[in-house]
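Asks: Okay, here's the structure, questions in a sec.
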Amino acid sequence: MAEMLTVPQAFALLQLEPDGRKATDVQTLDLGLAGAVLADLALRGSVSLRDGLVTVVDGSATGDNVLDETVGTIAASGTSRKAKSWVQRLGKRPLRDAVLAGLTERGLLSVEQGKALGIFPTTKYPERDGGPEALVRSAIADVLARRSEPTPFAAAVIGLLDATSTLRKQFGKVDRDLVTEITSGAWASPAVKAVLEEIQMAAILATVAASTAATTSVIASS
(Lines give C-alpha, C1' and ligand atoms only; values in the text may rest on other atoms or scores of the structure.)
Protein backbone atom coordinates (compact mmCIF):
# COMPACT_ATOMS: atom_id res chain seq x y z
CA MET A 1 0.00 0.00 0.00
CA ALA A 2 2.77 2.46 0.87
CA GLU A 3 4.29 1.83 -2.54
CA MET A 4 1.20 3.22 -4.27
CA LEU A 5 3.03 6.50 -3.65
CA THR A 6 6.04 7.50 -5.71
CA VAL A 7 9.34 7.87 -3.84
CA PRO A 8 9.22 11.71 -4.05
CA GLN A 9 5.63 11.70 -2.80
CA ALA A 10 6.58 9.54 0.18
CA PHE A 11 9.59 11.74 0.95
CA ALA A 12 7.47 14.90 0.73
CA LEU A 13 4.78 13.56 3.07
CA LEU A 14 7.39 12.64 5.65
CA GLN A 15 8.83 16.15 5.51
CA LEU A 16 5.51 17.91 6.21
CA GLU A 17 3.93 18.46 9.60
CA PRO A 18 0.20 17.61 9.90
CA ASP A 19 -0.62 21.33 9.85
CA GLY A 20 1.20 21.75 6.54
CA ARG A 21 4.41 23.32 7.81
CA LYS A 22 7.71 22.01 6.47
CA ALA A 23 9.59 19.82 8.94
CA THR A 24 12.96 20.70 7.40
CA ASP A 25 14.51 23.62 5.56
CA VAL A 26 13.57 24.26 1.94
CA GLN A 27 17.04 23.53 0.59
CA THR A 28 17.12 20.07 2.18
CA LEU A 29 13.57 19.35 1.01
CA ASP A 30 14.34 20.34 -2.57
CA LEU A 31 17.58 18.34 -2.79
CA GLY A 32 15.84 15.34 -1.25
CA LEU A 33 12.96 15.54 -3.73
CA ALA A 34 15.36 15.74 -6.66
CA GLY A 35 17.17 12.66 -5.40
CA ALA A 36 13.86 10.94 -4.77
CA VAL A 37 12.79 11.45 -8.38
CA LEU A 38 16.04 9.97 -9.69
CA ALA A 39 15.84 7.09 -7.20
CA ASP A 40 12.27 6.31 -8.25
CA LEU A 41 13.19 6.37 -11.93
CA ALA A 42 16.14 4.10 -11.21
CA LEU A 43 13.91 1.63 -9.36
CA ARG A 44 11.51 1.58 -12.31
CA GLY A 45 14.33 1.02 -14.77
CA SER A 46 13.57 4.29 -16.53
CA VAL A 47 17.11 5.58 -15.99
CA SER A 48 20.43 4.01 -15.19
CA LEU A 49 23.85 5.29 -14.19
CA ARG A 50 26.46 4.32 -16.73
CA ASP A 51 30.00 5.42 -16.00
CA GLY A 52 28.53 7.74 -13.37
CA LEU A 53 26.24 9.45 -15.89
CA VAL A 54 22.44 9.40 -15.77
CA THR A 55 21.04 7.81 -18.92
CA VAL A 56 17.42 7.27 -19.98
CA VAL A 57 16.95 3.61 -20.87
CA ASP A 58 13.14 3.46 -20.96
CA GLY A 59 11.13 6.56 -21.81
CA SER A 60 7.75 4.86 -21.39
CA ALA A 61 5.15 6.82 -19.43
CA THR A 62 5.08 6.02 -15.71
CA GLY A 63 1.66 7.52 -15.06
CA ASP A 64 3.11 10.22 -12.83
CA ASN A 65 3.55 13.70 -14.29
CA VAL A 66 6.61 14.58 -12.20
CA LEU A 67 8.46 11.41 -13.15
CA ASP A 68 7.47 11.62 -16.81
CA GLU A 69 8.52 15.26 -17.11
CA THR A 70 11.87 14.48 -15.51
CA VAL A 71 12.53 11.64 -17.94
CA GLY A 72 11.68 13.99 -20.77
CA THR A 73 14.00 16.67 -19.41
CA ILE A 74 16.91 14.25 -19.07
CA ALA A 75 16.32 12.75 -22.51
CA ALA A 76 16.05 16.17 -24.16
CA SER A 77 19.10 17.66 -22.45
CA GLY A 78 21.44 16.39 -25.12
CA THR A 79 24.25 16.29 -22.57
CA SER A 80 25.29 13.43 -20.31
CA ARG A 81 25.40 14.59 -16.69
CA LYS A 82 26.20 13.00 -13.37
CA ALA A 83 23.49 12.41 -10.78
CA LYS A 84 24.87 15.24 -8.64
CA SER A 85 24.36 17.66 -11.52
CA TRP A 86 20.75 16.55 -11.96
CA VAL A 87 20.09 16.76 -8.23
CA GLN A 88 21.29 20.35 -8.25
CA ARG A 89 19.40 21.23 -11.43
CA LEU A 90 16.12 19.60 -10.40
CA GLY A 91 16.27 20.45 -6.69
CA LYS A 92 14.40 23.72 -6.90
CA ARG A 93 10.95 25.13 -6.16
CA PRO A 94 9.25 24.04 -9.42
CA LEU A 95 9.87 20.38 -8.55
CA ARG A 96 8.65 20.88 -4.97
CA ASP A 97 5.50 22.63 -6.19
CA ALA A 98 4.84 19.86 -8.73
CA VAL A 99 5.19 17.06 -6.15
CA LEU A 100 2.95 18.84 -3.65
CA ALA A 101 0.42 19.61 -6.40
CA GLY A 102 0.29 15.92 -7.24
CA LEU A 103 -0.39 15.02 -3.61
CA THR A 104 -3.10 17.69 -3.49
CA GLU A 105 -4.73 16.30 -6.63
CA ARG A 106 -4.76 12.85 -5.01
CA GLY A 107 -6.61 14.30 -2.02
CA LEU A 108 -3.79 13.65 0.46
CA LEU A 109 -3.06 17.34 1.09
CA SER A 110 -5.03 20.57 0.99
CA VAL A 111 -3.73 24.05 0.21
CA GLU A 112 -3.82 26.91 2.70
CA GLN A 113 -2.76 30.39 1.64
CA GLY A 114 -1.73 32.97 4.21
CA LYS A 115 0.61 35.83 4.99
CA ALA A 116 3.59 35.88 7.33
CA LEU A 117 3.61 39.01 9.48
CA GLY A 118 0.55 40.05 7.52
CA ILE A 119 2.76 40.88 4.52
CA PHE A 120 4.63 37.96 2.96
CA PRO A 121 2.53 35.36 1.08
CA THR A 122 2.82 31.83 2.44
CA THR A 123 1.48 28.47 1.34
CA LYS A 124 0.97 25.48 3.61
CA TYR A 125 -0.20 21.99 2.72
CA PRO A 126 -2.18 20.59 5.68
CA GLU A 127 -2.76 16.87 5.76
CA ARG A 128 -6.14 15.83 4.38
CA ASP A 129 -5.74 12.06 4.27
CA GLY A 130 -3.05 10.74 6.58
CA GLY A 131 -3.54 7.10 5.63
CA PRO A 132 -0.81 6.75 2.97
CA GLU A 133 1.79 8.57 5.09
CA ALA A 134 0.91 6.38 8.07
CA LEU A 135 1.52 3.29 5.95
CA VAL A 136 4.91 4.61 4.84
CA ARG A 137 5.89 5.44 8.41
CA SER A 138 4.76 2.03 9.64
CA ALA A 139 6.68 0.20 6.90
CA ILE A 140 9.88 2.14 7.58
CA ALA A 141 9.53 1.80 11.35
CA ASP A 142 9.18 -1.97 10.95
CA VAL A 143 12.36 -2.13 8.86
CA LEU A 144 14.32 0.04 11.31
CA ALA A 145 13.14 -2.14 14.20
CA ARG A 146 14.13 -5.29 12.28
CA ARG A 147 10.54 -6.50 12.25
CA SER A 148 10.56 -6.80 8.46
CA GLU A 149 12.95 -6.89 5.54
CA PRO A 150 13.20 -3.71 3.46
CA THR A 151 11.70 -3.53 0.01
CA PRO A 152 13.68 -1.59 -2.62
CA PHE A 153 11.12 1.22 -2.17
CA ALA A 154 11.61 1.35 1.60
CA ALA A 155 15.39 1.14 1.19
CA ALA A 156 15.30 4.12 -1.17
CA VAL A 157 13.18 6.21 1.20
CA ILE A 158 15.36 5.32 4.20
CA GLY A 159 18.45 6.15 2.16
CA LEU A 160 17.01 9.54 1.18
CA LEU A 161 16.13 10.38 4.77
CA ASP A 162 19.62 9.39 5.84
CA ALA A 163 21.31 11.29 3.00
CA THR A 164 19.43 14.47 3.91
CA SER A 165 20.11 14.02 7.65
CA THR A 166 16.38 13.84 8.46
CA LEU A 167 16.08 10.15 9.36
CA ARG A 168 16.63 10.61 13.10
CA LYS A 169 14.27 13.57 13.26
CA GLN A 170 11.53 11.48 11.68
CA PHE A 171 12.15 8.14 13.40
CA GLY A 172 14.27 8.83 16.45
CA LYS A 173 17.52 7.07 17.28
CA VAL A 174 18.36 4.44 14.70
CA ASP A 175 20.83 1.56 14.41
CA ARG A 176 23.53 3.07 12.18
CA ASP A 177 24.88 -0.35 11.23
CA LEU A 178 21.42 -1.36 10.04
CA VAL A 179 20.97 1.84 8.05
CA THR A 180 24.34 1.27 6.37
CA GLU A 181 23.36 -2.31 5.63
CA ILE A 182 20.09 -1.16 4.06
CA THR A 183 21.50 1.65 1.95
CA SER A 184 24.64 -0.12 0.77
CA GLY A 185 23.39 -3.68 0.61
CA ALA A 186 21.49 -5.67 -1.98
CA TRP A 187 18.22 -3.90 -1.17
CA ALA A 188 19.34 -0.73 -2.95
CA SER A 189 20.20 -1.01 -6.64
CA PRO A 190 23.59 0.30 -7.81
CA ALA A 191 21.85 3.26 -9.47
CA VAL A 192 19.96 4.15 -6.28
CA LYS A 193 23.17 3.86 -4.23
CA ALA A 194 24.90 6.26 -6.60
CA VAL A 195 22.01 8.72 -6.34
CA LEU A 196 22.14 8.61 -2.53
CA GLU A 197 25.87 9.30 -2.55
CA GLU A 198 25.37 12.26 -4.87
CA ILE A 199 22.58 13.70 -2.68
CA GLN A 200 24.83 13.58 0.35
CA MET A 201 27.59 15.39 -1.54
CA ALA A 202 25.16 17.96 -2.97
CA ALA A 203 23.71 18.59 0.49
CA ILE A 204 27.19 19.06 1.96
CA LEU A 205 28.21 21.46 -0.80
CA ALA A 206 24.95 23.42 -0.45
CA THR A 207 25.41 23.70 3.31
CA VAL A 208 29.00 24.89 2.91
CA ALA A 209 27.95 27.42 0.27
CA ALA A 210 25.16 28.77 2.48
CA SER A 211 27.49 29.00 5.47
CA THR A 212 30.15 30.78 3.39
CA ALA A 213 27.61 33.24 2.03
CA ALA A 214 26.32 33.99 5.52
CA THR A 215 29.85 34.51 6.85
CA THR A 216 30.76 36.77 3.94
CA SER A 217 27.61 38.81 4.51
CA VAL A 218 28.44 39.27 8.21
CA ILE A 219 32.00 40.31 7.43
CA ALA A 220 30.87 42.76 4.75
CA SER A 221 28.38 44.41 7.08
CA SER A 222 30.81 44.71 9.99
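The values are calculated or read from the model by the stated rules, or taken from the named source; none is laboratory data. Keep in mind it's a predicted model, so treat the numbers as computed, not measured. When we count neighbours, we look across all protein chains shown, and the Cβ atoms used for this are built from the backbone with ideal geometry, even at glycine. Keep in mind that these areas ignore ligands, DNA and RNA; they rest on the heavy atoms of the full protein, side chains included. Shrake-Rupley method; radii C 1.70, N 1.55, O 1.52, S 1.80 Å.
Asks: I'd like the Karplus ³J(HN,Hα) series for segment 171-177: coefficients 6.51, -1.76, 1.60, θ = phi - 60°, whole numbers in Hz, and an x wherever there's a Gly or Pro.
Replies: Result, rounded to whole Hz: 10, x, 5, 10, 7, 4, 4.
Asks: Of the candidates 87, 143, 99, which one comes out as most mobile in a Gaussian network treatment of the chain with C-alpha springs shorter than 10 Å?
Replies: Top of the fluctuation ranking is 143.
Asks: Leaving out ligands, DNA and RNA, and with a 1.4 Å probe, what % of the accessible surface on the chain is carbon or sulfur?
Replies: Exposed carbon and sulfur together represent 53 percent of the surface.
Asks: Let me ask another. Could you sort 166, 104 by accessible area so the largest value comes first, with the probe set to 1.4 Å?
Replies: Reading off the accessible areas and sorting them downward yields 104, 166.
Asks: Please calculate how many Å² of accessible area the chain carries per residue, with a 1.4 Å probe and no DNA, RNA or ligand atoms counted.
Replies: 51 Å²
Asks: Apply the Kirkwood formula to segment 1-69: the hydrodynamic radius equals the inverse of the mean of 1/r over all pairs of different alpha-carbon atoms; give it in Å with one decimal.
Replies: With all distinct Cα pairs of segment 1-69 included, I get 13.1 Å.
Asks: Along the charge dipole of the chain, Cβ charges K/R +1 and D/E -1, which of 165, 180, 62 sits furthest on the positive end?
Replies: Ranked along the dipole, the leading option is 165.
Asks: Ok, one more. Distances longer than 29 Å among the Cα atoms of the chain: what percent of all pairs is that?
Replies: So the portion of pairs separated by more than 29 Å is 27 percent.
Asks: Under 20 Å Cα to Cα from residue 193, which lysines show up? Leave out anything in the same chain fewer than 8 places away.
Replies: Within reach: 82, 84.
Asks: In what order, largest first, do 158, 119 sit by accessible area if the probe radius is 1.4 Å?
Replies: Listed by decreasing accessible area, they come as 119, 158.
Asks: With +1 on each Lys and Arg Cβ and -1 on each Asp and Glu Cβ, how big is the dipole of the chain about its Cα centre, in debye rounded to the nearest 20?
Replies: Charge dipole of the chain: 540 debye, to the nearest 20.
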